[in-house]
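Structure first, commentary second.
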Amino acid sequence: MFLSIDPGEDQGFAIFSDESELLDFGLGDPRKSEHHRMRDLAYVVVECPVIYPHGGKADPNDLIKLARRVGRIEERYLFADVPVYLIAPAHWKGQTPKAVTRARARSVLELPTLRRIDKYLKNLGDSKGHNVYDAIGLGLRTFSWKKREPTGKEAQWLP
């Protein structure tokens, strides 16, 4: 089992089986999920903030706050001997718009899973829902890399 996290004010998470079945997802602390069992986690992947020196849109102070949050997540799992892999957004989704990331995730999920996601996100709106889709997309992307031999930058941060 593995966990993927899109950190932030409205943190998204996705918990996957070893076969990439989406077991649970949501906003907030993944430890509150009935599927979260620290002892069963093979690894955790977390989207890590990046400062883009030429033309970045994000407020640097927000990035510092986000980096601190990522550090706390990393420490929590490393303390429990669970490997943590920090992946920059550009490495797993590039500059893909939110709608495309969502569509890609939805294209590989089963209908019952899509219904669960739609029901969960129904009253949240896109401003929060995209964090759940980013966590799902990050997990699916990581799993697809693991199915083949990682090359280049992937080999640096994949289990």
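Could you check which residue among Glu19, Glu74, Glu47 shows the biggest mean-square fluctuation in a GNM of the chain with a 10 Å Cα cutoff?
Judging by the Gaussian network model, the answer is Glu19.
With the chain treated as a Gaussian network of Cα nodes joined by springs under 10 Å, which of Val70, Val44, Val100 yields the largest mean-square fluctuation?
Val100
Connecting C-alpha atoms closer than 10 Å in a GNM of the chain, tell me which of Pro89, Pro97, Pro49 has the biggest fluctuation.
For the chain, modelled as a Gaussian network with Cα springs under 10 Å, the answer is Pro97.
Charges at C-beta only: +1 for Lys and Arg, -1 for Asp and Glu. How large is the resulting dipole of the chain about its Cα centre, in Debye rounded to 20?
Charge dipole of the chain: 300 debye, to the nearest 20.
What's the local net charge at Gly137, with K and R +1, D and E -1, over the other residues with C-beta under 11 Å away?
+3
Out of every Cα pair in the chain, what percent are spaced more than 28 Å from each other?
15 percent
Please find the FRET efficiency linking Leu111 to Glu19, where r is the Cβ-Cβ separation and R0 is fixed at 30 Å, and quote it to the nearest 0.05.
Calculated transfer efficiency: 0.95.
Net charge near Val82: determine it from the other residues with C-beta under 13 Å of the C-beta of Val82, scoring Lys and Arg +1 and Asp and Glu -1.
Working: positive: Arg31, Arg37, Arg39, Arg76; negative: Asp40, Glu74, Glu75, Asp81.
Neighbourhood net charge equals 0.
Bear in mind these aren't lab numbers, they're just calculated from the coordinates by the rules spelled out. This structure is a prediction, so every number in the text was calculated from the model and none was measured. Cβ: placed from backbone, ideal geometry, glycine included. Neighbour counts: every protein chain shown.
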